[in-house]
Every structure is written in C-alpha cells, then in structure tokens.
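The block underneath contains the structure these notes are about, expressed in structure tokens.
Where a number appears in this text, it was derived from the coordinates with a stated rule and is not lab data. Predicted, not measured: the structure shown is a model, and the values here were computed from it. Heads up, the Cβs are rebuilt from the backbone with ideal geometry, glycines too, and the neighbour counts pull from every protein chain shown.
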Amino acid sequence: MRKFAISVAALGAVAALALAGCSSNNNTGNTTATTGGSTPAASATTTSGGGASGDTISLPAFPAGSTVGVSLPQKTSENWVLAGQLFTDQLTAAGFKPMVNYANGGVTDQQNQIQAMITAGAKVLVIGAIDGSQLGSQLQAAKDAGISVIAYDRLLTNTPNIDMYMAYDNYKVGQLQGQALLDGLKAKEGASPWNIELIAGSNDDSNSKPFFEGAMSVLQPKIDDGTLKILSGQKTQSQAATQGWQAQNAQTRMDAILAANYTGGTKLNGILSPNDTLARAALTSVKNAGLPNPVITGQDSEVASIPLIADGTQYSTINKDTGKFVTQVVSVLKDISAGKPVTVNDTKSYNNGNKIVPSFLLAPVLVTQANVCTAYDPTTSPSASAAALATDYCKTHK
C-alpha cells in the first residue's frame, strides 16, 4: 500500500504533545495479573473477569452543582491530555463544577492537589494515579470527609478507601497484544522460529503488569516450545520495563539490545510494545540500526501511529476510546448524584491488597491495517485527528 501522509494539523498536535513530554498510557502501583489463584495481600491482583453485568453498588448521593475533583497524572500520552479536556467539558455540561488537575510535578504534586480538592469541598474524587500506592493519607482524608473515590484507569492500591475502579480491561489488552504479535509474525515473517524482544511499561504503573502478563499468557508457551526466541535474554517485566513510560528510555534500551544481539544479518522479527509511544521509539531504534521493520504492537491509537498502522509499518494498536471512557465515568457520577445504584461488571477480580474493588471494565478493540477503516468513531475516538486520519486513509486507499 502507498504511504499515508499525516495532515499538517495532526502533525501540529503531535509536535505539541511531544513538547509536553510524550510517553504513554497508564499507571502505577504493584499489580499482578493472573488467570486465577491468589497472590500475597501486599500486591494488587487482577484476573480475567468476574461478576455479573447486573451487579450494582450504592454510593452517597450529592447535590447538583457540586464540585467533582479529577486528578490526572502527567501529560505523558494523548489519552491523558484528551481526558482532562473531556472531563472539564462533560462535567460542566452535566451541571457539576469540575476541578481538573494534572500532577505534572509528580507524586507529591498529586498528593497536594487531591488534598486541595478535599478542602474545596469536592463530593467525589476521580483519580488517575501516578503511583496508586502513594495516596493513602489523602484517601483516608477523603473518606473522613464523606467523599466517594473512583479510581480512573489505574487501580489505587493498599487502601480500603476506594469505592470503585473504572478502566479498560488491561489484562485483555495484553492478551490482544500478544496474539497480534503472533498473528503478525505468522503473516509477515515466514517460518518460525522468530526472534522477538519485549518492552514493558513503567514499574510504578499498576497497569504495566496486567499489560505484560496478559501478553505473556499468550507468548510464554511459544517461548517455551522454541517458536519464539529472545536473544537479549530480557524476559521479565522488570527487565523490560520503561521508567516513566518515556520514549527515550525505551529507545536507549533498544539501541543497546540491537547492538549486542542483532548484527551480522541476525534478524529481529518482532517486538512486544505496550503502547504506541514506545512502539515508535523502538521503530526509530530499528531504523537507526539499519534493520528492517519488525512486527510491532502498540496501544492508545495515537495520532502519530494511525498512519503507521494504515501503511503496515506498525502492525497493531489498541483502541481504548477515551471519549467513551470519560462519558461512562460522567454517567456514573450522574447516577451517584441522583441517588441511583451504579452498575459494575466485575466484583471478583481486582484485589488492591486491602479489598476486592467493585469495577466497571470497558472492552478494548484491536486495530490492524485490516480494520483501521472501521475501528474509529469520529465523535469519540482518542482524538478527532486520529479518526480523521483513519477516515482520510480509507477514502484514498481502498
């Protein structure tokens, strides 16, 4: 297929985001994803589903027009940047007073911002944590003040003072990524064995382990039987971690791996990447090493990756529609305010180290070149630019 040109507007958006400090999706805390069994109480545990779609919980009602605090982490990916604006707009439209902050100064900054929200009289806190294990004092203060707490995207760990968790199913995200890597290798790389390398998210992010362990639930059997080989020997989540989800950290690590293991004609067939930002960083490393593009996964449907999916440079991404996600959270807040029960669809899986947290999980969608034309809703996609890029591609590259 012909290359797909990014529009000037989209490039401007990407450049602005890069100046803000691109990294990627998600999260914090000590979370272990499994497919069953139990883990020590000190770690948060996720499994692949539990609970009925008709389960409900009840939280204290609060008056219309009340303040809702939304505490988000650093602006390290497009979905976080978009989420802040969507929360501001949708909470205002719903009649609430939004108090939306980014903790660009780190954990201490987020702690102080949450305390300020409590002091300002917020009735509900929606928290996308930098490190979900570092907010215990603030969450206790919130509970003492009768404030409901919803963990957004990242689980709050080792605390009883959380009422609900809302997220895309992150273990499923990992499974989709692992299967996409295998499918891409089969389609593009000829007969196995295949050489792959692994990239994981930041160790202080509670979503990093579910992403990684979901993927490894698919990949590990193929590593064990010799279908997949990891020449660097870096096979664990800690070995593959990318501190802060920073693109430069992923690129520096991949540069070293390629220099040590992929010279003299040795081919790198595939890379497991947990998100689009790190995928692009790895592709830059591969290009600088003069190697052919490997099959590589991603997540978040970032603007800069849409054309790479469309022309086959990046094999896959995951659409976790931020607009749909924020709308779901605001719908829950409306129900709480009105004194209505809130629907949850998982009441078994998310043990945060203190209790099982009632959860509402949204379904992620795998996107490849095959379905890029139908995967995005221009009214709710991660950004209007991403949807526009996909739409433009489909009009001109049928």
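Figures for the structure shown
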read-out	value
Test: residue in segment 243-250 that is farther than 29 Å from N158 by Cα and not aliphatic (A, V, I, L, M)	yes
Top-ranked residue in segment 114-135 [being surrounded by 21 or more Cβ atoms within 10 Å (Cβ to Cβ) and part of a helix (DSSP H, G or I); ranked as farthest from the chain's Cα centre (by Cα)]	M117
Segment 245-259: number of residues that are touching a residue at least 60 places away in the same chain (Cβ under 8 Å), more than 16 Å from N195 (Cα to Cα) and not polar (S, T, N, Q)	2
Check on E213, acidic (D, E), in contact with a Pro (Cβ under 9 Å, 6 or more places away or on another chain) and crowded, with 21+ Cβ neighbours inside 10 Å	no
Positions within segment 259-273 being of a type outside the set (S, T, N, Q) and on the phi < 0 side of the Ramachandran plot, in sequence order	A259, A260, Y262, K267, L268, G270, I271, L272
In segment 151-192, residue surrounded by the fewest Cβ atoms within 10 Å (Cβ to Cβ) [restricted to those that are under 13 Å from I114 (Cβ atoms) and under 17 Å from the mean Cα position of the chain (by Cα)]	Y152
Qualifying residues in segment 230-251 (those that are β-branched (V, I, T) and under 22 Å from the mean Cα position of the chain (by Cα)) - the one surrounded by the fewest Cβ atoms within 10 Å (Cβ to Cβ)	T236
First in segment 65-77 and assigned to a loop (DSSP other than H, G, I, E, B), second anywhere and of a type in the set (V, I, T) and surrounded by fewer than 24 Cβ atoms within 10 Å (Cβ to Cβ), Cβ under 8 Å, 6 or more apart	K75/V81
